[in-house]
Structure formats: C-alpha cells, structure tokens
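Have a look at the structure below before the remarks.
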Amino acid sequence: MKLVVCINHVPDTETKVKIGTDGKTIDPSGVNYMLSPYDEFAIEAALKLKEQFGGETYAMSLGSDVHKETLRKTLAMGIDKAILLKDTAMRDSFSIARALADELKRMSPDCVLFGKQSIDYSGEQIPGLVAEFMGLPSVSVVVKIDAKDGKITCEREIEGGHEIVETSFPVVIAAQKGLNEPRYPSLKGIMAAKTKPIEDRQPTAVPIVVETISIQKPAAKQPGKIVGTDTSAIPELVRLLHEEAKVI
Ligand SMILES: Cc1cc2nc3c(=O)[nH]c(=O)nc-3n(C[C@H](O)[C@H](O)[C@H](O)COP(=O)(O)OP(=O)(O)OC[C@H]3O[C@@H](n4cnc5c(N)ncnc54)[C@H](O)[C@@H]3O)c2cc1C
C-alpha cells in the first residue's frame, strides 16, 4: 500500500506570533516551528496502516527548505521517505491543494492522509480540495479507521455524536485529535532519519485566487475589575455580569 501524509510546518503554539511590517504575514524572527499537531495523528495512522498491509509511507510538504526540519521529524517517527515541493512563494489554500494534488496524481497513492486543520491559518480546506482535484472519496474529522477486504470504515466526530462511514481505497482522510496516540521518535528512529532521503520536487505553479489583505491580532483584553472582597459585593457582581458582561 502506498501511503502519503501531507504535513505542514507551523509556528510552535508557545510562540508569541508578531505580525510582519506588511501587515499580512507573520514576522518569522524568533518563531520556533513544529509539525502541525493534527498532522501527527495522520502520520501515526499511516504507520499503522503500513504495519497492517505493508508498503511504503511518504511525508510530503509544500514550502521552503525550512520545512525539511519538520519532514525530518516525520522520518524519525518512522515514515520511509519525504518529499519537499519546494517553493518560497506565498500560496493560498487553493494553490497549495492544487500543487499537492498534481504531485499526488503522479504518485498514485492508495491513501492520502492529512491533519484536519493546519494550526497556523486554520483553513480546513486542503484535504477536501485535494480529494476533489484527484476525484477521490474524502472523509474528514476521522477518529477511528478500520480497514479490511479493500474497504475502509471510518468513524467521524460530528456535533454531539459519531458517524460511521464506509468507502474504498484510494481515499483521502483528514485526521481529528483522538484518532490514535502518535508515537515519539525513538533514538533509533532519529539516527535512521539522518540518512533517509528528502527529495526536492518542483510544484506546479498555480495562480492564487484568495489574497490576504491583512491579519490582525485580537484586541487586548481589558484589565479585570475588583467589585469587592466580601459577600456584600455579590449583588453588584450579579448586576455587572447581567448588565455589562451580559453573561447571565
Ligand atoms: C496571511 C498568510 C500568510 C502566509 N504566508 C505563507 C508564507 O509566507 N509561505 C508559505 O509557504 N505559506 C504561507 N501561508 C500559507 C500557510 O502557511 C498555510 O500553509 C496554509 O494557509 C494552509 O492552508 P489551510 O489553513 O487552508 O490548511 P488546512 O486546510 O487547515 O490544512 C489541513 C491539512 O492540510 C495539510 N497541509 C496544509 N498546508 C500544507 C502544506 N503547505 N504542505 C503539505 N500539506 C499541507 C496538512 O495535513 C494540514 O493539517 C500563508 C497563509 C496566510 C493566510
């Protein structure tokens, strides 16, 4: 089975992100990057499918050379080969998805796995777009996978419950938190990753159809208000929660 996991290299959740001087990109200075957390579930799912069916696992990312750092981590987790669709240009979700789909069509995988969401811009668009461009079935927010006899049954997390769906390979799957417990890279895995290949490939040029005009941080939080320090403050507290904060 040929399994490809598409991964993104995103700012570490601990990083205090600053907006660049152009007002529409992130200032990369001082930013630590990491594998987008939902993509870890996708990698673990690919490794488990390989353990079940055999075959080969690939991690693929579209971006600049800095994505290699994160691709190397996937190799340390156990992925066999990595591909960097090398591009330094800014792309929107549509353009990223088209370039990924063009490369994936050439590779003809049995299963393409994604995180359900890239935690930097949270578009939640790329898995569905790739499936559409490839003409493949797509299952989103997957929390359980059961594959046998050429069929794949997935459990999806939906509002207030779970939905069970069945489809067949080849398929596009977007992983939700809880799908599995992603493994940590072992020391052996880290050493092996140093010699595993990361191949540069040229992504197709696709026009950008959605342009970012600006990005803004949320307004600074107002300082807290101390209404009183004993029970006599309760009526005023209730009034403020009701009339000002409008939460009760
Ligand atoms: C203001 C702004 C500035 C940006 N600046 C840059 C920039 O300077 N350089 C740049 O390259 N990108 C840039 N991007 C793109 C950004 O980093 C994300 O890659 C892109 O927005 C992800 O799209 P999404 O949020 O729709 O992804 P989602 O649809 O939420 O992602 C879902 C899944 O798709 C996969 N995926 C997402 N992105 C990639 C990828 N690149 N390669 C492989 N798989 C992927 C992952 O599995 C991910 O979990 C910028 C985007 C915006 C809005």
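The values are calculated or read from the model by the stated rules, or taken from the named source; none is laboratory data. Everything numeric in this text was worked out from a predicted model, so none of it was measured. Don't worry about glycine lacking a Cβ; one is built from the backbone with ideal geometry, like all the others, and counts go over all protein chains shown. Accessible surface areas use protein heavy atoms only, side chains included; no ligands, DNA or RNA. Shrake-Rupley method; radii C 1.70, N 1.55, O 1.52, S 1.80 Å.
How many angstrom lie between the C-alpha centres of region 170-189 and region 61-106?
A separation of 17 Å, based on Cα centres.
Can you check how the C-alpha radius of gyration of region 1-133 compares to 2.2 N^0.38 Å, as a plain ratio?
Relative to the 2.2 N^0.38 Å estimate, region 1-133 comes out at 1.04.
Please report, largest first and rounded to whole Å, the three semi-axes of the ellipsoid equivalent to the chain, where each semi-axis is the square root of five times an eigenvalue of the C-alpha gyration tensor.
They are 38, 24, 19 Å, listed largest first.
Per 10 Å bin from zero, what fraction in whole % of the C-alpha pairs of region 113-206 is there, up to the bin with the longest pair?
13, 34, 33, 18, 1
What part of the accessible area of the chain, given as a whole %, is carbon or sulfur when the probe is 1.4 angstrom?
Its accessible area is 54 percent carbon and sulfur atoms.
Measure off 7 Å from each Cα along the Cα-to-Cβ vector at LYS246 and MET90, then give the distance between these two points in nanometres to one decimal.
3.5
Compute the convex hull volume of the Cα atoms of region 15-74, divide it by the residue count, and report the result per residue in Å³ as a whole number. Can you show the working numbers first?
Values: hull volume 6.1 nm³, N = 60.
It comes to 102 Å³ per residue, whole-number rounded.
Report, in listed order, any pair from LYS2/LYS194; LYS48/LYS81; LYS48/LYS144; LYS116/LYS144 with a Cα-Cα distance greater than 19 Å. Don't skip to the end; give the middle numbers.
On the way: LYS2/LYS194 22 Å; LYS48/LYS81 16 Å; LYS48/LYS144 12 Å; LYS116/LYS144 13 Å.
In this structure, LYS2/LYS194 exceed 19 Å between Cα atoms.
Would you mind getting me the FRET efficiency between LYS194 and GLN222? Use the beta-carbon distance for r and R0 = 45 Å, nearest 0.05.
With R0 = 45 Å, the Cβ-Cβ based efficiency is 0.35.
Convex hull over the Cα atoms of region 148-248, averaged projected area in nm²?
16.7
Give the residue from ALA82, PRO137, THR167 lying farthest towards the positive end of the charge dipole for region 2-201; charges sit on Cβ (+1 for Lys and Arg, -1 for Asp and Glu) and the dipole is referred to the Cα centre.
Result: ALA82, furthest along the dipole toward the positive end.
Out of PRO185, GLY115, HIS9, whose Cα points farthest toward the positive end of the dipole of region 2-201 (charges: +1 Lys, Arg; -1 Asp, Glu; placed on Cβ)?
After comparing all options, I get PRO185.
Could you do me a favour and compute the accessible area per residue for the chain, 1.4 Å probe, result in Å²?
The answer is 57 Å² per residue.
In a Gaussian network model over the chain where Cα atoms closer than 10 Å are linked, find which of ILE234, ILE208, ILE173 has the largest mean-square fluctuation.
The residue that fluctuates most here is ILE234.
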